[in-house]
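The values are calculated or read from the model by the stated rules, or taken from the named source; none is laboratory data. Everything numeric here is computed off the predicted structure, so don't read it as measured data. Virtual Cβ from ideal backbone geometry, glycine too; neighbours counted across all protein chains shown. What goes into the accessible areas is simple: the full protein's heavy atoms, side chains included, and nothing from ligands, DNA or RNA. Shrake-Rupley method; radii C 1.70, N 1.55, O 1.52, S 1.80 Å.
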Amino acid sequence: MTDQAPVTYAGPPRVLSGVQPSGALHLGNYLGALVKFTRLQHEIDTFIFVADLHAITVWQDPAALAQQTREIAAAYIASGLDPDKATIFPQSAVREHAELSWIFNCVARLGWLDRMTQFKEKSGKHKERSSVGLYTYPVLQAADILIYKATHVPVGEDQKQHLELTRDIAQKFNHDFNAPGFFPLPDPLIQGPGARVMSLRDGSAKMSKSDPSDYSRINLTDTADDIAAKVKKARTDPEPLPETIEELATRAEADNLVGIFAALAGKTKAEVLADYAGKGFGTFKPALAELAVESLAPVGERMRGLLGDPAVLDAILAKGAEKAREAAAPTLAEVKKLVGFWGA
């Protein structure tokens with residue numbers, strides 16, 4: 001469907017993204033998402049939410065979910081998001097997400113969802129035991145994006161398929177309800193260093209909060225000593241760093257550490273190799289540890305300070321939710337009118 005040439009959306013540019021409150025954030029989240037959110041807020045109207053509706057597609061402890069939501073908000077702010085510039089809010093506080101998601105459930109086709117590879121990966125061999133929400137959550141994701149008519153979405157490689165589904169839903173809605181250009185077909189924002197950070201224990205696996213080894217990742221709440229220790233214990237190979245990117249690409253752990261250095265320093269991998277080619281990890285790791293501590297320790301300190309005053313975080317989330325509802329409500333009202341609901 002997206003190969004067709006629809007009427008171009010004429011509304012203002014806007015970026016939207018969110019992070020699930022299902023565990024501690026780490027270096028991969030910081031470089032792959034939070035740093036980019038911080039930059040984008042100065043360039044484009046930015047909506048950043050805590051994806052608590054998505055989180056409950058798998059079991060979450062009800063006693064912990066609200067605090068986990070605060071932790072994500074604290075990470076946003078500690079990383080540089082300004083609540084006066086970016087709209088920061090909990091997804092569940094804006095009911096328009098869920099209402100639009102139901103309408104989109106009636107627009108999307110079953111075959112589209114059957115092709116979503118992430119459900120197959122997450123449900124494994126026992127998909128009949130998975131929640132219906134886990135299966136349909138890409139439709140909710142489309143509603144998250146389109147309720148604000150977002151034109152750009154920062155996504156990882158594993159989310160590109162879901163953004164294509166969002167584009168398909170938007171285009172089908174526009175066509176079915178004779179509303180050309182009503183919803184935009186959002187574009188992905190993937191480029192840039194730090195888009196994919198791998199485990200410190202296995203360069204072939206993505207850094208993850210679900211990895212049983214805490215030494216596989218650097219958590220945003222880690223202390224300076226923790227950060228330095230994890231970098232120094234990161235898995236490597238015995239060879240010195242190579243001179244070319246092509247040689248580096250064949251060495252997963254070395255490639256990952258050079259990529260982390262490049263992202264933290266605002267350099268390319270080639271620039272890092274120009275400084276460290278021929279040098280061993282006995283030289284490179286201490287330099288990376290120093291850079292990581294310099295970059296991340298202040299974030300962790302700021303997070304701990306924010307979490308010590310939950311009332312401040314709650315006020316920021318409440319204000320953001322109010323602002324988000326003001327943006328979402330007119331879109332849902334227009335959608336209801338287009339669909340033909342009574343009273344719309």
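For this structure, a couple of remarks:
- Scanning segment 126-165 for residues that are assigned to a helix (DSSP H, G or I), of a type in the set (S, T, N, Q) and out of contact with any Lys or Arg (no Cβ under 9 Å at 6 or more places or on another chain) yields Thr136, Gln141, Gln159.
- Qualifying residue in segment 212-230 (condition: among the hydroxyl-bearing types (Ser, Thr, Tyr), part of a loop (DSSP other than H, G, I, E, B) and under 23 Å from the mean Cα position of the chain (by Cα)): yes
- Selected residue [surrounded by fewer than 20 Cβ atoms within 10 Å (Cβ to Cβ), out of contact with any strand residue (DSSP E or B) (no Cβ under 6 Å at 6 or more places or on another chain), within 27 Å of Ser210 (Cα to Cα) and touching a residue at least 60 places away in the same chain (Cβ under 8 Å)] from Gly23, Gly32, Gly80: Gly23
- Here Ile72 meets each of (1) assigned to a loop (DSSP other than H, G, I, E, B); (2) under 18 Å from Pro298 (Cα atoms) with one exception, condition (1).
- Set Gly300, Gly278: member being within 25 Å of Tyr76 (Cβ to Cβ) and not hydrophobic (A, V, I, L, M, F, W, C): Gly300
- Considering the conditions (1) in a helix (DSSP H, G or I); (2) open to solvent by less than 40 Å² (accessible area, probe 1.4 Å); (3) over 14 Å from Leu27 (Cα atoms); (4) free of Cβ contacts under 8 Å to residues at least 60 places away in the same chain, Glu271 is excluded by exactly one of them, (2).
- Identity of the residue in segment 84-115, surrounded by fewer than 21 Cβ atoms within 10 Å (Cβ to Cβ) and over 30 Å from His175 (Cβ atoms), that ends up farthest from the chain's Cα centre (by Cα): Asp84
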